[in-house]
1. For the stretch 4-79, compute Rh as the Kirkwood radius over C-alpha pairs and then the Stokes-Einstein diffusion coefficient at 10 °C and 1.306 mPa s; write the answer in µm²/s, rounded to an integer.
2. Take each of the peptides 103-115, 71-83, average the number of other beta-carbon atoms within 10 Å over its residues, and list them starting from the highest.
3. Rounded to the nearest 20 debye, what is the charge dipole size of the stretch 112-191 about its Cα centre when +1 sits on each Lys and Arg Cβ and -1 on each Asp and Glu Cβ?
4. Two decimals, Cα atoms only, Kirkwood Rh: what is Rg/Rh over the stretch 112-191?
5. Multiply the residue gap between residue 186 and residue 54 by 0.36 nm, knock off their C-alpha separation, and tell me the result in nm, one decimal place.
6. In Å³ and rounded to a whole number, note down the convex hull volume per residue for the Cα atoms of the stretch 69-135.
7. What FRET efficiency would be calculated for the residue pair residue 209, residue 135, taking the C-beta separation as r and a Förster radius of 30 Å, to the nearest 0.05?
8. Estimate the FRET efficiency between residue 70 and residue 108 by the formula 1/(1 + (r/R0)^6), using the beta-carbon distance for r and 30 Å for R0, to the nearest 0.05.
Amino acid sequence: AAAVLVRENDPQAELFILQRGMAMSYVLLDDGSRQILRFLYAGDMLAVSALVYRDSPETVVALTDCTVCSFDRSAMTGLVTDHPRLSALIMVMNQMEKVALTDRLAALGRTSAKARIAALLLEMRNRMRMRDRAMGNSFTLGLTQEEIGDATGLTAVHVNRMLRQLEEDGLIRREMGRVTLLNEVQLAQAANYIDRFDGLDLRWLPPAR
């Protein structure tokens, strides 16, 4: 079974930085189904909700072999006081997550199944590219079709059908667990996708001490 870092509704006082690997956060709904909220990559902070909640509102689980650095939320007091730039960057990351979740919510309610899958592929590639600027249009997906479905509100069968359709449309290629984006412009149009990483403006950040 995958390693669980934080379990929904359990007491939570630690935060984590994902140093290596890939993880995800999710909630369980009343009918027992799972809604995946975020996929997490190296450099992401996990369980930030510990800053404001006693019990965790989500489960965070590793998808691959992961290395994490944990620290108690009490350490944030000194960080905010002594390292204002770092604390501001944490606020920036949280705002980026909020916008990403807003986009996902809008997609779940208003876009087609094909658009949801296309948007997820673009978002994953762009998240990975933030940490590897040399990355091209090919990447390891690292997800099952069930996991993709739980992130997009679709069944695994429907996910498989939409991936095949994107291939038939000449927008992606799948091979040995890797996905290649063949026509990024048309894929973004099909997804109604906005690259939120492209418009970042962090000039206001305080200088490092």
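1. On the way: Rh = 12.6 Å.
After rounding, the answer is 126 µm²/s.
2. Working: 103-115: 14.9, 71-83: 11.5.
Highest mean packing first, the order is 103-115, 71-83.
3. Values: 12 positive and 10 negative charges, 44 e Å.
My answer is approximately 200 debye.
4. Working: Rg = 11.7 Å, Rh = 12.5 Å.
Across the stretch 112-191, the Cα-based Rg/Rh ratio is 0.93.
5. Details: separation 132, 0.36 × 132 = 47.52 nm, distance 4.45 nm.
That works out to 43.1 nm of additional length.
6. Working: hull volume 8.3 nm³, N = 67.
Dividing the Cα hull volume of the stretch 69-135 by its residue count gives 124 Å³.
7. On the way: r = 32 Å, r/R0 = 1.07.
According to the calculation, E is roughly 0.40.
8. Working: r = 32 Å, r/R0 = 1.05.
Taking R0 as 30 Å, the efficiency between residue 70 and residue 108 is 0.40.
Here, each number is a calculation from the coordinates, and none is a lab measurement. Bear in mind that the values here come from a model prediction, so they are computed numbers and not experimental data. Using ideal geometry, Cβ is built from the backbone for each residue, glycine included, and neighbour counts are taken over all protein chains shown.
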